[in-house]
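The block underneath contains the structure these notes are about, expressed in structure tokens.
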2 protein chains.
Amino acid sequence: MTRIVMKFGGTSVANLDRIRAAAAFVRREVDAGHSVAVAVSAMAGETNRLIGLCDEAGPPAPALDARFVEQDAVVSSGEQVTSGLLALVMQQLGYRARSWQGWQIPLKTDERHGSARIADLDSTALGEAIDSGEIAVVAGFQGVAPDGRIATFGRGGTDTSAAALAAALKAERCDIYTDVDGVYTTDPRLTKQARRIDKISYEEMLEMASVGAKVLQTRSVELAMAWKVPLRVLSSFDPPDAPGPGTLICDEDDIVEQNIVTAVTPDFNEATVTVLAVPDEPGRAAAIFTRLADIGVNIDMIVQSASREPGFANISFTTKEDDLDRAVEALNAVKDKIGYNALQSDRNVAKISVIGLGMKSHAGVASTMFQTLADKGINIQNIFTSEIKISVLINSDAAEYAVRALHEAYGLDKAR
Amino acid sequence: MTRIVMKFGGTSVANLDRIRAAAAFVRREVDAGHSVAVAVSAMAGETNRLIGLCDEAGPPAPALDARFVEQDAVVSSGEQVTSGLLALVMQQLGYRARSWQGWQIPLKTDERHGSARIADLDSTALGEAIDSGEIAVVAGFQGVAPDGRIATFGRGGTDTSAAALAAALKAERCDIYTDVDGVYTTDPRLTKQARRIDKISYEEMLEMASVGAKVLQTRSVELAMAWKVPLRVLSSFDPPDAPGPGTLICDEDDIVEQNIVTAVTPDFNEATVTVLAVPDEPGRAAAIFTRLADIGVNIDMIVQSASREPGFANISFTTKEDDLDRAVEALNAVKDKIGYNALQSDRNVAKISVIGLGMKSHAGVASTMFQTLADKGINIQNIFTSEIKISVLINSDAAEYAVRALHEAYGLDKAR
């Protein structure tokens, strides 16, 4: 008997009608003779509502760990509710089903409440249950920390739950049901030429997730890659008796025809900060970034250039737009200590990334990108590359235009 | 260091403002040097919302135990949320505080999901925590069943949690904060003459709870009585710096001046059923009440009288108005088997009870009741007595009038 893990996100369990639709997909797999574990998110909006209550109870205080422990107790209740409801619906359809909370499995995490990582997942009881024909509905996004209390994984954490369950259960595959019918060559809201990708490698998907494609949480792809569990992204809004093929995320060896470029991914949640005239002495850059790390601001690209004044340098970095105000505030507070002259910040930027396994072996991908943008008169502010990704920072007003031009330039417009 | 248990019901934690008001009462006890454990209900309306979701997922099916297990997983999340929020608010005020779920204590229950009873409460860890100065905020209404899953106690179950915690922790007292400022001599909505009772015995409070006074869950009073924990009912709507005295529920030996009658308690949630012309043979009455017990219909008073036809009897009983339709339906289904002639039912009845420890030693309480009602022209349909209670069933249209007359007749109108 093969084991299958299925995951339903917030919009796929937003109300009882959606939960019943999800149940129809579960039923299909069970009727096909599979042992099934299902990981579920909170009903759409619930997590935000619960975080809102916590914020009202006491504003966020990074130093106060006890706060995150309580927030986890509150927020994890969202998934607890959905797990019970889906189990009830499956029972109503005549199936044996039960909900599993993280602490019941047990799915053990580390001690970092609010952004915990999985430490150990003992799937013995869960595996026995599903092999006996009982459907396991697992509350996603959560486990139990070493202090015996509930810990959550951070946003999108149910993907991680699903991938970890699939790995522990040695599942044949992990199906991620969501509100889109697969992973696209670019954001379909930006161009009608965007096409669903049939197969994509873990590495490419990781790069896409890291630059802001919101289909999957990065950690879930890492887990699937490490344990070689094929992930499939598909829509819970398709008819259950005729679901679309979705996108398979798998090992690069399982992809026969590799694209040079697989996707063009825009990220509008970017902002830049330039610290002007920092004394060019050892330790000044470290002081800036240590300060930002301390308050949990994530830094993406960093560029240091000489200032017009000799003995001084300008340091630019990009961060998430959401983190900008905190970053600026933190740097203002240490202005005298670091000894810089002024701060500049800009929200009006976007990061455009082209991603593709084929870059490893094909030259000219970068030059095509730069030439295409130059031809369209788009100025590049920053460039950042990895083995299978090239990212540029440009003015966000030009982002949509740039995406369409690059999508066409790499031949992604053409149906394959 | 004395230990105190406090309990806040749904209206006392209905939103963040109310939770902050509750926190002010908790703070007062902690600042007074007490070790404090707090049991909290779900925010007002949450339990109903969650049960509504369960009902939508799959209609109630008494035989289907698995349903109640899942409903418990869903519904218990309401208290989980409140426990985390109150802990957050206490932290914000500068106190050490943490939430405790039933399974974390652990508070063990029996296997009856949805209406579980406490099997064992190991308060070692909880006691150590509160004696160290940490405030324990316990999610009420729930524990962990022998199957390792969450079980709830049924409506009002947080009172039971609080009383059990107080017993296990050997607390000096258990303060029940609610939306009224104490237990009254009768329902204040029926007469302005209703007065708050300063002290009442466990036995009287039990009788009041059993006939529908909704201030406390019966089980919590039983627990407090068994473990001799004084319960105090007081209002969370009073100013925290000047709370009212409330009502103390304690051992009868601690009440110096006992009243002959302490309270007049009306119950409008009553209905009567009369089964006409049941063959007067052994086993017929048993068949009726076994059938009703099987479907969980609670029966209060039963009267059997001779029918006009020889060899037949009429059997009348009262039940809760909410259960009437199910009772009638169940009896209709076995009409041929039981062999009765017809069913009559009446929702238009109320039960009026007079309760008082002094009845044990004073004669004339019953005759005062009957005479008072007779003087007012109110017909008594049924009479039921216990050692410290006399209940009568009357037409509900006359109930308000009867309550006022009895309240005056027993001298409860006079301030003491």
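Taken together, the values in this text are just the output of simple stated rules run on the coordinates, not laboratory data. Computed from a predicted structure; not experimentally measured. As a convention, Cβ positions derive from the backbone with ideal geometry for all residues, glycine included, and neighbour counts pool all protein chains shown.
Couple of notes before you dig in:
- Hz values of 3J(HN,Hα) by residue in the range A:321-327 - Karplus curve (6.51, -1.76, 1.60), Gly and Pro given as x: 3, 4, 8, 4, 4, 5, 5
- Projected area averaged over orientations for the protein assembly as shown, convex hull of C-alpha atoms, nm²: 43.7
- Selection of GluC sites (Glu not before Pro), the range A:338-416, meeting DSSP coil and at most 12 other Cβ within 10 Å: A:Glu387
- DSSP finds beta bridges in the protein assembly as shown, and of those with both partners inside it, around 65 percent are antiparallel.
- Value of Rg to Rh for the range B:112-166, rounded to two decimals, is 1.00; Kirkwood radius and Rg both from alpha-carbon coordinates.
- Centroid-to-centroid separation of the range B:211-239 and the range A:92-117 [C-alpha atoms, Å]: 35
- Calculated SAXS-style log₁₀ I(q)/I(0) at q = 0.23, 0.26 Å⁻¹ - the range B:19-106, Debye, Cα scatterers: -1.10, -1.28
- Counting Lys and Arg as +1 and Asp and Glu as -1 over every other residue whose Cβ lies under 14 Å from the Cβ of B:Glu321, the net charge comes to -3.
- Pairwise centroid distance, computed over Cα atoms, of the range B:1-41 with the range A:345-362, Å: 54
- Packing rank of B:116-126, B:38-48, where each peptide gets the mean count of other beta carbons within 10 Å, highest leading: B:38-48, B:116-126
- Shown for A:Thr385: label points 7 Å from Cα along the beta-carbon vector, and their distances to the equivalent points in the other copies, 10.0 nm in ascending order.
- Between identical copies, the spacing of B:Pro239 label points, each set 7 Å from Cα toward the C-beta atom, reads 6.8 nm from nearest to farthest.
- Computed over the alpha-carbon atoms, the range A:105-228 gives an Rg to Rh ratio of 1.01, Rh here being the Kirkwood radius from the mean inverse distance.
- Helix-only mean residue ellipticity at 222 nm for the protein assembly as shown, each DSSP H run of n ≥ 4 adding -39500 (n - 2.57), per residue, nearest 500: -10000 deg cm²/dmol
- Pairwise centroid distance, computed over Cα atoms, of the range B:132-146 with the range B:262-340, Å: 41
- Sequentially through the range B:108-119, phi angles give Karplus couplings (6.51, -1.76, 1.60; θ = phi - 60°) of 8, 10, 7, 8, 7, 4, x, 8, 6, 10, 6, 9 Hz, Gly and Pro residues having no value and appearing as x.
- Near the amide H of A:Ala313, within less than 5 Å, lie the amide hydrogens of A:Ala277, A:Val278, A:Asp280, A:Ser307, all on another chain or at least 5 residues away, with H placed in the peptide plane.
- For the range B:257-416, the Kirkwood radius over C-alpha pairs fed into Stokes-Einstein at 37 °C and 0.692 mPa s yields D = 193 µm² per second.
- Each other copy places its own label point for B:Lys360 at 8.7 nm from this one, sorted shortest first, where the point lies 7 Å along the Cα-to-beta carbon line.
- Estimated vicinal HN-Hα couplings, Hz - the range A:267-277 in sequence order (Karplus 6.51, -1.76, 1.60; Gly, Pro = x): 9, 8, 8, 10, 8, 10, 10, 10, 9, 8, 6
- Looking at chain B, the DSSP beta bridges with both ends there are about 65 percent antiparallel.
- Distant-in-sequence amide H partners of B:Ala97 (H built 1.01 Å from N, under 5 Å): B:Ile135
- Distant-in-sequence amide contacts of B:Ala116, defined by a placed amide H-H separation under 5 Å and a gap of 5 or more residues or a different chain, comprise B:Thr152, B:Phe153, B:Gly154.
- DSSP-assigned coil residues among trypsin sites (Lys or Arg not before Pro) in the range A:206-309, each with at most 15 further Cβ atoms within 10 Å: A:Lys214, A:Lys228, A:Arg308
- Peptide B:101-111 has a mean of 2 when you count, residue by residue, the C-beta atoms of other protein chains within 10 Å of its C-beta.
- Per the axis that maps chain B onto chain A, nearest residue of B (Cβ criterion) and its distance in Å: B:Ser77, 2
- Cα-based shape type of the range A:3-255, given that a ≥ b ≥ c are square roots of the gyration tensor eigenvalues and the cut on a/c is 1.5: rounded
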